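Here's the structure we're looking at; comments come further down.
The values are calculated or read from the model by the stated rules, or taken from the named source; none is laboratory data. Note that the coordinates shown come from a computational prediction; the quantities given were computed from them, not determined experimentally. Counting neighbours? That spans all protein chains shown, and the Cβs are built from the backbone with ideal geometry, glycine included.
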Amino acid sequence: MAYDNNMSGALFRNERKETEKQPDYTGECEVRGEKLKISAWINESKSGKKYMSLKFSEPYQGENKVETAAAVDGEVPF
């Protein structure tokens, strides 16, 4: 039986972080069959309690996303 990865994911320390705006951790998850990218920042509340702030987004598709859009619009993306 294949492993069901739905409703789970993993975060890894961002070893290439150069600015505070870049996430401290990044990873991927799968929610209801859709793969998502996770970005996480370690923050501290006004009371001094540490927490993680998360952002979910569609995975980066590279140039394939541009090519797909060009094929749909019938235009060259330059």
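Per-structure values
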{"quantity": "Which listed residue is over 14 Å from G9 (Cβ atoms) and of a type outside the set (S, T, Y), from K55, K50, K37", "calculated": "K50"}
{"quantity": "Residue within region 33-56 that is among the acidic types (D, E), modelled with pLDDT of 95 or more and exposed (fewer than 10 other Cβ atoms within 10 Å of the Cβ) present", "calculated": "yes"}
{"quantity": "Subset of region 1-32 that is surrounded by 10 or more Cβ atoms within 10 Å (Cβ to Cβ) and β-branched (V, I, T) - its residue that is modelled with the highest pLDDT", "calculated": "T26"}
